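The structure under discussion appears below in the form of structure tokens.
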Amino acid sequence: MSENNSAALQSGTRLNGGKYIIKEKIGEGGFGITYKAIHSGFKSVVCIKEYFLGGKCVRNLSNNTIQTQGIKEDFFEDNRQRFVNEAKTLINLRHPNIVEVLDVFDENNTSYIVMSYIEGRSLQSIVDANGKLSYRDAVNYIAQISSAIGYIHSKHILHRDIKPDNIMITADYRAILIDFGSARVFEENKTQIHTSILTHGFAPPEQYTPKSKKGSYTDIYALGATLYYILTSEVPIESAARMTEKMPAPIDLSPDIPVEINRAILKAMQLRPENRHQSIDEFMDDLLNIKPTKLINEEIGGGSSKKFLIPIIVGALLLIVGVIIFLISVNDSYEDDISAVEIVDYTGTDLYPMVKVVGGEYTMGNNNNNDVDTHEHSVYVDGFYIGQYEVSVDLWNKYMGMDIYKDGNGRMPVTNVSFEDIDEFINRLNDATGKKYSLPTEAQWEYAARAGSLYNEYASKSGESSIIYDKNKPMDVYYDQCINDFNIYNMSGNVEELCLDYYDENYYDYSSYNNPVNRSRSDRRVVRGGSYSDDNVAYTSVYFRYYSEKASNTVGFRLVIN
């Protein structure tokens, strides 16, 4: 088999049954190869993006199919599906200032997105060639892109990579926003985990850490930074560095910039999200001096109160750590760079964040274990949300109206409560939130603990051994060593966790393939994950099954929403 790990499709290659004919490669990055092509039926020019992980894929030149190298096949497939799903979201977008997605199809063991081909130059190339723009041209282009951004925000989509290189200018001076590879669905001002894919100088502080609140103001920062650049031809100081280094105002670099435009840029680029414009309309009203806004003093050591200064300094330290983690992830792990995790808290209390888990098939159990009830078998689970941590004392007390650990740590998982009390707690939580919480099924629990993988034996990122906690502090739910690749904590060796299933050691000899759950009532409820009291490391594996017959100080629980 002839292979090439960076080979693009050759000119004349036909795709999708001859519907598209490749003309030439026009770009290549870590996540894909972009081509100029011809629609053979309409004889029109199109742009085609091929899902191709640079350095992680090879192409069979005899038939153009690609295979993975150095990564798991299921990882490639999961992210290929994400590539397709994002394209299917964008195919429904219709706006004159957004690149149009025309088609999505699978071929050659990968996927392709077909987009309209834009004849023009990027704002980046225009500034590179000619220097800074006049403020009239700059505001014209930014106003067009603002219209596009306002439109996608109304669809609950963040672009997350607005920059001069992703804005094309056509011969008739139309600005078009391209490259939605980093776009994600968002809930305004909610804490969610998104990958730290960013461009330094244009990304706000919250994009340097995966878990942070994001909203319209996230793209507004990048929009302001883009305007800063095209008016000054200087890339702004990256937001992480701005914690300790003052950024020059645009008007300091280009004195001919009108004061209202200078103000609007600085407002859009305030470090704290709440200090920026909160919507595209607010940004444009400020930019056009229709409704001028006021800047908030964020300058360290320059009139800020101590109450404001301390969190900024702490934030700076966290961002530095975030940058280091980001750089390591870019260099060492495509998996960390591509995967994204959505986290929501439907209680509105910040006491119970839940991770969105995309469903799928996996191999449950382990044939190497001597216990008959853990033999390997294929299971499919639908998508669900699962608690990032076990249910804590604070959350329990909020809905049960009792303080079961008067002298305890409120972050500790609830233990020593009866099955009946747990059912009552779930009923009260459902009544208060309007959601349908429940205990996880065994199949859901193990899928989440394995982070969807066949290979994870213990629910920790290292995979070297289970996490058995310091027995002097056995239930600290913020013990960072025990986070898995789904960003779920404490699924091995903290406290045993109750499942919805009643225990039957032979259940998986006859269980269904789809979403199995044993509802045959008995006095025994399944527990998974082991506890701090287990000295046998196998008991804390993701596959070991056991049961509980009554309340215990080693048994806790977490919840799911289906």
| task | With the condition kept exactly as written, say whether any residue in the range 106-116 is of a type in the set (A, V, I, L, M, F, W, C) and over 30 Å from Glu77 (Cα atoms). | result | no
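Among the strands (runs of 3 or more DSSP E) confined wholly to the range 93-161, which include 2 or more residues that are among the hydrophobic types (A, V, I, L, M, F, W, C)?
Details: elements: 101-107, 110-116, 120-122.
Where strands (runs of 3 or more DSSP E) fall fully within the range 93-161 and carry at least 2 residues being among the hydrophobic types (A, V, I, L, M, F, W, C), they are 101-107, 110-116.
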| query | Just for the range 264-274: of the residues that are in a helix (DSSP H, G or I) and at pLDDT 95 or above, which one is surrounded by the most Cβ atoms within 10 Å (Cβ to Cβ)? | reply | Ala264
| field | Filter result for Glu446 (touching an Asp or Glu at 6+ places or on another chain (Cβ under 6 Å), crowded, with 16+ Cβ neighbours inside 10 Å, modelled with pLDDT of 90 or more and under 24 Å from Tyr547 (Cα atoms)) | value | no
| query | List, please: which pairs have Cβ atoms under 6 Å, are six or more places apart or on different chains, and start with a residue in the range 272-287 that is farther than 13 Å from Ile142 by Cα and touching a residue at least 12 places away in the same chain (Cβ under 8 Å) and end with one that is hydrophobic (A, V, I, L, M, F, W, C) and part of a loop (DSSP other than H, G, I, E, B)? | reply | Asn275/Ile296
| said: Please verify whether Val357 is touching a Lys or Arg at 6+ places or on another chain (Cβ under 8 Å) and either at pLDDT 80 or above or small (Gly, Ala, Ser) (or both), treating the condition exactly as stated. | reply: no
| said: The conditions are (1) under 22 Å from the mean Cα position of the chain (by Cα); (2) crowded, with 17+ Cβ neighbours inside 10 Å, and Ile118 fails exactly one of them. Which is it? | reply: (1)
| message | For the range 8-31, give me each residue that is at positive phi and in contact (Cβ under 8 Å) with a residue 12 or more places away in the chain. | response | Asn16, Gly18
| field | Every residue from the range 240-263 that is assigned to a helix (DSSP H, G or I) and either surrounded by 14 or more Cβ atoms within 10 Å (Cβ to Cβ) or in contact with an Asp or Glu (Cβ under 8 Å, 6 or more places away or on another chain) (or both) | value | Ala241, Arg242, Met243, Pro250, Ile251, Leu253, Glu260, Ile261, Asn262, Arg263
| task | Determine which member of the set Glu107, Glu77 is touching a strand residue (DSSP E or B) at 6+ places or on another chain (Cβ under 8 Å), outside the structural domain of Leu288 (by TED's automatic domain parsing) and surrounded by fewer than 21 Cβ atoms within 10 Å (Cβ to Cβ). | result | Glu107
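The values are calculated or read from the model by the stated rules, or taken from the named source; none is laboratory data. What you see is a predicted model, and the numbers here were worked out from it, not measured in a lab. Ideal geometry is used to build each Cβ from the backbone, glycine not excepted, and the neighbour counts take in all protein chains shown.
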